[in-house]
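Chemist: Quick one: structure below, then a few questions.
The values are calculated or read from the model by the stated rules, or taken from the named source; none is laboratory data. Note that the structure is predicted; figures quoted are calculated from it, not measured. For neighbour counting, all protein chains shown are included, and Cβ atoms are generated from backbone atoms with ideal geometry for every residue, glycine included. Surface accessibility is based on the protein's heavy atoms, side chains included, excluding ligands, DNA and RNA. Shrake-Rupley method; radii C 1.70, N 1.55, O 1.52, S 1.80 Å.
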Amino acid sequence: MKRRHFIALAGAAAAWPLAARAALASEASGQRGDSKVRAPDTRPEPGSSARAQQPAMPVIGYLSVRSAESDVPMLTAFGRGLNETGYAVGRNVTIESRFAGGQRDRLQGLAVDLVRRQVNVIVTGGGESAALAAKAATASIPIVFNAGGDPVHFGLVSSLNRPGGNITGVTALLGELVAKKLGLLRELVPKADAIAVLVDPTDPSAASQISETQQAAHALGHQLVLLKASTDEEIDAAFTTLVQRQAAALLVNASPFFVTRTERLVGLSARHALPTIYFRREMADAGGLMSYGSSTAEMYGQMGVYTGRILKGEKPADLPVLQPIKFEFVINMKTAKALGLTIPPGILAIADDVIE
């Protein structure tokens, strides 16, 4: 990671209130199914009329299909976006967080709980599943979503320019990046006969991801080994299969579940000496060989800005769905050396970040 990027990220993380980070740590350690980020109690003591007149602090509900541990970079970027609109967690806004831990069947109940607590805005992380759960839970509380695919296709909004209703957000356009990732693998392993692709079949965008991957592979003349996994056991089985099929490289398609299993995926790729490209830079930071995708920091920062604007009175229906303008290609040279790979100069030249 570039030193200046690390310093900026560390500084942003430090800006989060201690209470927020403690709540995230509690969730990450498995102590709770939800976490609460609250400011100190400002209820007036008896006889204090000045405090009694203070307005209630607005509450943001954060709903994610992932885990608190995996979402630390996202929440850090979200906090920076909030700060741009004059809000700071713990000072003039609080957060109620709910994490499904990769279990999509928990999302609806967690969304209903946030509605029951009458939060001011619901922010969703981890793609369409969380956004759809929030939309099903309320037609009145504003929602700011993060989607991996086309939110119109999934029925989240009426159109990108005019979302309508109580919902807006950002979309990552992950499916449109598949051809680029396959092309990078082809440059890295030019003599590969087969490339494996790992897909989470329970992800709402799985069907479109498979179709786009197959089309891209056909255009590049690649043979695909299509593997599906939505549990730890299926991930292990998928790696056994790709070794048996002699796949020369692996493309991990976008899925919140795979984000929560980053260490497992990176570890198995290393064990089998398999060049792998991921969809988030955080996975390359964790030891993955390469990643290419929209900037997590940019997207969640935009969500923070939208949330602040809504808290100030703007309507989601008037805020167009945003699309990423920044994409990151990251190479982990430590992993390349461990795999015995020489990264071609052409690939190094186009990398946005090289982890030494």
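Chemist: Residue by residue, what Karplus-based ³J(HN,Hα) values in Hz, rounded to whole numbers, does the range 245-253 have, using 6.51, -1.76 and 1.60 with θ = phi - 60° and x for Gly and Pro?
Modeler: Result, rounded to whole Hz: 7, 6, 5, 8, 7, 9, 10, 9, 6.
Chemist: Moving on. Just the number please: accessible area per residue for the range 236-356, 1.4 Å probe, all protein chains included, in Å².
Modeler: 40
Chemist: Packing-wise, with mean Cβ within 10 Å as the measure, how do 103-109, 148-154, 131-137 rank, highest first?
Modeler: 131-137, 148-154, 103-109
Chemist: Could you check the simple spin-label distance between Lys228 and Ala270, using points 7 Å along Cα→Cβ, in nm with one decimal?
Modeler: 3.1
Chemist: For a quick check: with amide H placed at 1.01 Å from N, whose amide H comes under 5 Å from Asp200's, ignoring anything fewer than 5 positions away on the same chain?
Modeler: For Asp200, whose amide H was placed from the backbone, the distant partners under 5 Å are Ala229.
Chemist: Carbon and sulfur: what percent of the range 311-356's accessible surface (1.4 Å probe)?
Modeler: Within the range 311-356, the accessible surface is 56 percent carbon and sulfur.
Chemist: Defining a contact as two alpha carbons under 8 Å apart and six or more residues distant in sequence, what relative contact order in percent does the range 55-177 show?
Modeler: Here the relative contact order equals 24 percent.
Chemist: ³J(HN,Hα) across the range 216-233 via Karplus (A = 6.51, B = -1.76, C = 1.60, θ = phi - 60°), whole Hz, x for Gly/Pro?
Modeler: So the J values, rounded to whole Hz, are 5, 5, 4, 5, 8, x, 9, 8, 9, 10, 7, 10, 10, 7, 9, 9, 4, 5.
Chemist: Moving on to the next point. Can you tell me what percent of all Cα-Cα pairs in the range 153-227 are more than 15 Å apart?
Modeler: 61
Chemist: Further, regarding this structure: Any chance you could list P(r) for the range 94-241, counting all Cα-Cα pairs in 10 angstrom bins from zero, rounded to whole %?
Modeler: Bins of 10 Å from zero give 10, 33, 30, 19, 8, 1 percent of pairs.
Chemist: Then there's this: Report, by chain and number, residues whose modeled amide H sits under 5 Å from the one on Gly125, excluding near sequence neighbours (fewer than 5 apart, same chain).
Modeler: Leu63, Ser64, Val65
Chemist: Now a separate question. Quick check on the range 285-355: take the gyration tensor over C-alpha atoms, sort the square-rooted eigenvalues as a ≥ b ≥ c, and tell me if it's rounded (a/c under 1.5), prolate or oblate.
Modeler: Prolate shape, in that a/c is at least 1.5 and a/b is the bigger ratio.
Chemist: Now for a different question. Given a 1.4 angstrom probe, I'd like the percentage of the accessible area of the range 80-148 that is carbon and sulfur, rounded to a whole number.
Modeler: Taking all protein chains in place, the range 80-148 shows 47 percent carbon and sulfur surface.
Chemist: Quick query: amide H of Leu160 versus all other amide H atoms, modeled in the peptide plane; which residues come in under 5 Å with a sequence gap of 5 or more or a different chain?
Modeler: Answer set, sorted by chain and number: none.
Chemist: Arg117 to Leu348: FRET efficiency via 1/(1 + (r/R0)^6), r the Cβ-Cβ distance, R0 51 Å, to the nearest 0.05?
Modeler: 0.55
Chemist: In sequence order, what are the phi-derived ³J(HN,Hα) couplings for the range 184-192 according to the Karplus relation 6.51 cos²θ - 1.76 cosθ + 1.60 with θ = phi - 60°, rounded to whole Hz, with x for glycine and proline?
Modeler: 5, 5, 5, 5, 6, 10, x, 9, 5
Chemist: Using a 10 Å cut-off on Cβ atoms, rank the peptides 181-190, 92-101, 343-352 from the highest mean neighbour count down.
Modeler: 92-101, 181-190, 343-352
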